[in-house]
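Just so it is clear, none of the values below were taken in a lab; they were calculated from the coordinates. Being a predicted model, the structure only gives us computed values, none of them experimental. For neighbour counting, all protein chains shown are included, and Cβ atoms are generated from backbone atoms with ideal geometry for every residue, glycine included.
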Amino acid sequence: MALPPRLEAALALPFAQAIDFFRRKLNLPTETWLDIWQSAHDRAFVVAGATAADLLADLRGAVDKAISSGTTFEQFRKDFRDIVARRGWTGWTGEGSRAGEAWRTRVIYETNLRTSYAAGRWAQLTDPQLLAVRPYWRYIHNDSVLNPRQHHKRWGDMRLTLPADHPFWRTHYPPNGWGCRCRVTAVRAPREGDATAPPDGWADPGANGTLPGIDRGWAYAPGASVADELRPVIDAKAAALPAPLGDTFRESLRALPAAPPPPGAQR
């Protein structure tokens with residue numbers, strides 16, 4: 001199924017902060033998306049099941065082109081097919097059917113573009129000059145979604161408007177799950193009728209350990225982490241790799257600049 005034209009155009013719109021966020025990532029071989037937990041995705045490029053370095057590098061190149069050059073979803077899908085054929089990748093989730101391929105390519109494309117866009121927006125929203133004049137953030141639900149998540153819709157309908165340094169944004173800054181199209185905008189102050197506190201229970205994990213309205217592994221703000229969060233993961237991965245490759249991973253991580261601190265944090 002094709003993406004709505006306006007959504008595809010928005011996703012394909014390059015901007016410097018989103019490109020910079022993506023290009024700071026390390027290629028990391030993984031079996032599943034959950035091998036890397038939440039904000040560690042800020043520093044790692046992963047495609048579940050892609051464990052060969054050359055395959056991962058090619059997939060990263062295709063995503064980089066999508067973010068930096070505005071590659072459309074259909075163009076990305078063609079690139080994906082070429083890479084899979086050239087590298088002989090088999091056994092990937094979704095393989096064997098047109099619907100499966102469409103689903104898998106959409107997940108890779110949308111997840112990387114949305115999180116990169118969100119991280120770029122985080123960098124903009126936390127700029128001290130902007131915070132000085134617009135210190136509040138408002139949750140915006142995309143009402144064009146046909147089957148909205150009820151929590152997300154509620155946050156949008158209530159016009160949830162909180163200080164930029166409210167802890168809610170550390171776990172509920174969108175996207176808040178697979179395919180989430182919500183966003184945040186900066187405002188001067190709450191308007192009359194805006195909700196100025198999150199709903200009761202917003203920080204209480206459910207029986208499955210996830211927060212209300214948040215998909216598993218998505219309770220973080222893209223772009224808000226620091227490189228240290230990934231170092232234990234890199235060390236564990238590197239221990240299972242030949243020494244030169246493991247050392248390269250570690251050195252690459254040390255060279256990464258830190259992500260912006262939370263709004264209001266002491267520097």
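Laid out as a table, the results:
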| quantity | calculated |
| --- | --- |
| Per-residue Cβ neighbour rank within 10 angstrom, fewest leading, S225, S116, S97, S39 | S97, S39, S225, S116 |
| Segment 97-181 shape via C-alpha gyration tensor axes, a/c threshold 1.5 | oblate |
| Cα-based shape type of segment 21-89, given that a ≥ b ≥ c are square roots of the gyration tensor eigenvalues and the cut on a/c is 1.5 | oblate |
| Packing rank of 167-173, 109-115, 198-204, where each peptide gets the mean count of other beta carbons within 10 Å, highest leading | 109-115, 167-173, 198-204 |
| Shape category assigned to segment 67-144 from the gyration tensor of Cα positions, a/c cut at 1.5 | prolate |
